[in-house]
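What follows is a single structure, written as structure tokens, with notes after it.
Each value in this text was obtained by applying a stated rule to the coordinates, not by laboratory testing. Here the structure is a predicted model, which means the values were calculated and not measured. All Cβ positions, even for glycine, are placed from backbone atoms using ideal geometry, and neighbour counts span all protein chains on display.
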Amino acid sequence: MKGDPAPGRHPWASTGFRSFFAGAAGFAALAMPLWMLMLAQGLGTRGVFDGSEWHGHEMLYGYAVAVLAGFFLTAVPKWTDRPIVSGAPLLGLFGLWLAGRLAVVSASPTLAMAVDVAFLPLLALAIGWPIYSARRTRNYGFPVLLLVQAGANLAWHLDWWHSRAEAVALDAVVLIMVIVGGRIIPMFTNNAVKQANPQRIIVAERATNPLMVSLLVADALAPWLAGPLALACGITLAVRMARWGGLRSLKTPIVWVLHAGYLWIAVGLTLRGLDAIGLHHGLDARHALTAGGIGVLTLGMMSRVALGHSGRPLVVPRAIVVTYLLANVAALLRMAVGVVGPHGLQLAGWLWTACFAVYFVLYLPILWSPRADGRPG
């Protein structure tokens, strides 16, 4: 089929989800215990960022970016019916991402910046060329958002408008997930859950992406507007997904986990907005977005994409269903750390670690092995 990788290559070098999903899960399972050790012992890194800044940067540019790379490098050939990066260029791109993770903890600031910042423009080029050449206009925004993330990363390394750069980096990741989730979650629900009958609320559908883009622009240029916009985004997302059939998917873990991750994004944005307008709630809005929205949704997507694109049935092992539950518990504890205290923070970190360690152990054989149906990829 068009868009399939060329036959004859080792699976690891054939399709982007394999190396990048393994890298993302392995990195998450290692980086979180390291961060907890830094907290417990008062340690920092020897690289360009101190402990807390390293944690925030690497959860976005280490973990989240690797998941996005694996997803886009797998999905874009299907969207465009054109081949994409594979073989040595794919392994080189993965190596550059991995080098960035090592550089930020061990290299000089200049070298770390050069290595780390280079990845996203190359990824944007890799997915942008087939998207634009195939005139897939509904996907034009994805390479642009990757470049926005790259610009925010450069500003972060240079310590320019640090808080704005960090906010824009998070906004760009969340916006990509909102767009992709809005397309696929109702479709997956309809395909997998009988009588779910997901419905789209047109007003919310049309408002979501413009509001999210406005939030990103406000965080970059007019932070005083960001709070009310975040509140509007959160409410709109909650309304948008209200008729997607999430409650009817509770017996189908590979579907409900996607609804849960999307709901976490709505919760995080709403909490951020409430906090900004003075309605303080004592909860951590940022980690509702990151540990909840990004963590839960990406775990669900990685487990589904790896099965579907390796020619296997879309039925996750029971241990992965447990990780879905534990990832939500971890997000809840991290969001409520002001209430549950430092022990809750430690428990949240270890639960997160366990989730991605289990994924890595169970899925590495799938990611490394040929497709079960004999097709290339």
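Which of the peptides 122-133, 257-268 is most tightly packed, and how do the rest follow, going by the mean number of other Cβ atoms within 10 Å of each residue? List each step's numbers first, then the result.
Working: 122-133: 19.0, 257-268: 25.0.
In decreasing order of mean packing, 122-133, 257-268 become 257-268, 122-133.
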Please give the Cα centre distance for segment 324-345 versus segment 65-85, rounded to the nearest Å.
33
By average C-beta atoms within 10 angstrom, highest first, the peptides 273-281, 143-151
143-151, 273-281
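Highest first, please rank the peptides 197-208, 164-175, 216-227 by the mean number of other Cβ atoms sitting within 10 Å of their residues. Show your work: numbers first, answer last.
Values: 197-208: 14.8, 164-175: 23.3, 216-227: 16.8.
Highest mean packing first, the order is 164-175, 216-227, 197-208.
Excluding residue 201 itself, what net charge comes from residues whose Cβ is under 10 Å from its Cβ, given Lys and Arg +1 and Asp and Glu -1?
Values: positive: 200, 206, 240, 243; negative: 205.
Cβ neighbours under 10 Å give a net charge of +3.
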Taking +1 at the Cβ of each Lys and Arg and -1 at the Cβ of each Asp and Glu, which of 24, 153, 75 sits farthest along the dipole of segment 7-160 towards its positive end, judged by Cα position relative to the Cα centre?
75
With contacts defined as alpha carbon pairs under 8 Å and 6 or more residues apart, what's the relative contact order of the chain in percent?
19
With n ≥ 4 as the cut-off for DSSP H runs, can you work out [θ] at 222 nm for the chain, using -39500 (n - 2.57) per run divided by the number of residues, rounded to the nearest 500?
-24500 deg cm²/dmol
